[in-house]
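This report refers to the structure that appears directly beneath it.
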Amino acid sequence: MWGKVALAAAVLTASGAVAQGLPDPLTDTPGDPTRGRAVVVDRQLGLCLLCHTGPFPEVPFHGDLAPDLTGVGTRLSPAEMRLRLVDSRAVNAESIMPPYHSLDGLTRVAALWEGKTILDAQQVEDVVAFLTTLTEEPE
Amino acid sequence: MTKVCTTALVILMAGPAQSDDRRSGFEFMGPTTQSMQTDDMANPGMLAVLAGERLWNEPAGLSEQSCQTCHGDPEGEMRGVAARYPAFDEVAGTAVDISGRVNLCRTRHQRADPLPHENADLLALVTLIGLQSRGLPIQPDPDPRLTEWRARGEAYYETRVGQLNLSCAQCHDENAGGHLGGAPIPEAHPTGYPIYRLEWQAMGSLQRRLRGCFTGVRSEPWPYGSDGYIALEAYLMQRAAGMTMETPAVRP
């Protein structure tokens, strides 16, 4: 599964078709928005709010290093979100967004995390399903 | 011609102003934490200084000599030392930080066992030595043998590492002043080590602080005392050259 995704991302980058993203889901099980939200707000799992802010009033101390997730569902398609989650370097090689489902080019990874991606394929699908629901525009 | 002169003048004026733009971690802190550092009666690092003063005068090892025996009062020979380290040690053929220097003194001259990294006595002695540079500008040692160490440190600083695939530079150059989960990202100038860090509730070295960042990006930290830390310190001190030493600094 992972190899297929890596290849797809590489081909997209090479062909300059980044805007299309990754249209095919990584798993056969449809993403669950409730589980996806739980991943996004978890500081040890999704880590998203360390850099992003968004409609998560119950979570204190959001970051301001990355775009506001409010309304992301109207700005990006699921395919575009999937590509950015799997490996945002396909969109911007200098991105500070960690590669959530790619091991490509990683160095000096701690033994605890060696050979593991930050999120598994289903978690990526869950997060995509949740982000798609964020259609409210920022105030 | 006039235009060229004006341009040159602007560039000359921009030089020093640019270096003044660098900000110590002190400036990213709230007023309460700042006053904890600036008030010696409130600064927990001063307890390490007191312990350091006792140890400075205490004979150690088979030599039964103290630091004082060779160096005299710390206010003398130790003035400015922390502001120019790391330095190259001829005999060891390697660059050393102040902790490394203290341990070389212990093994070579006092004939005592080296103290382990982050040992309270070692931190106390290094803090006492660091205090003798407080208020002085960082002036890296011009020894050309350190050039290669600084270059290696800069390469480490720029290299993305760990599962989160981040370099030091991506946070502390490109995103300094931003907020990571609500906490301001400082510029990573090592102006006040050893520091008292509120998160640790203890004194700690730059190596301990660097390990914290490695762990944060899910990278395997080098073992304490590794050359990589000395190389990074040599680069960071060069990068902070001219900034004012603050040891013992307090940090959140």
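The values are calculated or read from the model by the stated rules, or taken from the named source; none is laboratory data. Since this is a predicted model, take the numbers as computed values, not measurements. Don't worry about glycine lacking a Cβ; one is built from the backbone with ideal geometry, like all the others, and counts go over all protein chains shown. SASA here: full protein model, heavy atoms, side chains in, ligands and nucleic acids out. Shrake-Rupley method; radii C 1.70, N 1.55, O 1.52, S 1.80 Å.
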Screening B:232, B:210 for residues that are in a helix (DSSP H, G or I), crowded, with 21+ Cβ neighbours inside 10 Å and in contact with a Gly (Cβ under 7 Å, 6 or more places away or on another chain) leaves only B:232
Hey, among the residues in the stretch B:47-70 that are more than 23 Å from residue B:250 (Cβ to Cβ) and among the aliphatic types (A, V, I, L, M), which one's least open to solvent (accessible area, probe 1.4 Å)? B:60
Where residues in the stretch B:196-210 are of a type outside the set (Phe, Trp, Tyr) and free of Cβ contacts under 8 Å to residues at least 12 places away in the same chain, which of them is nearest to the other protein chains (Cβ to nearest Cβ)? B:201
State whether the residues of the stretch B:104-118 include one that is surrounded by 16 or more Cβ atoms within 10 Å (Cβ to Cβ), free of Cβ contacts under 8 Å to residues at least 12 places away in the same chain and either more than 23 Å from residue B:203 (Cβ to Cβ) or not polar (S, T, N, Q) (or both). yes
Where in the stretch B:1-104 are the helices (runs of 4 or more DSSP H), entirely inside, with at least 1 residues that are at pLDDT 95 or above and closer than 24 Å to residue B:237 by Cα? B:31-38, B:45-56, B:74-77, B:81-84
Output for the stretch A:92-139, where each listed residue is more than 9 Å from chain B (Cβ to nearest Cβ), aromatic (Phe, Trp, Tyr) and assigned to a loop (DSSP other than H, G, I, E, B): A:100
Within the group B:193, B:157, B:235, B:224, which residue is in contact (Cβ under 8 Å) with a residue 60 or more places away in the chain, at negative phi and within 14 Å of another protein chain (Cβ to nearest Cβ)? B:157
Residue by residue through the stretch B:162-179, note down the ones that are under 18 Å from residue A:94 (Cα atoms) and either among the hydrophobic types (A, V, I, L, M, F, W, C) or facing another protein chain (nearest Cβ under 7 Å) (or both). B:162, B:163, B:164, B:165, B:166, B:168, B:169, B:170, B:171, B:175, B:176, B:178
Being charged (D, E, K, R) and surrounded by fewer than 21 Cβ atoms within 10 Å (Cβ to Cβ) is the filter here; which residues of the stretch A:112-139 pass it? A:114, A:116, A:120, A:136, A:137, A:139
Show the residue pairs that are 6+ apart or on different chains and have beta-carbon atoms under 7 Å apart, the first residue being within the stretch A:35-60 and away from every other protein chain (no Cβ under 12 Å) and open to solvent by 40 Å² or more (accessible area, probe 1.4 Å), the second being among the hydrophobic types (A, V, I, L, M, F, W, C) and in a loop (DSSP other than H, G, I, E, B). A:55/A:134
Just need a number here: residues in the stretch B:238-252 that are among the polar types (S, T, N, Q) and either closer than 18 Å to residue B:158 by Cβ or within 14 Å of chain A (Cβ to nearest Cβ) (or both). 1
Report the residue count in the stretch A:82-91 for those that are touching a Lys or Arg at 6+ places or on another chain (Cβ under 9 Å) and either open to solvent by 20 Å² or more (accessible area, probe 1.4 Å) or not aliphatic (A, V, I, L, M) (or both). 1
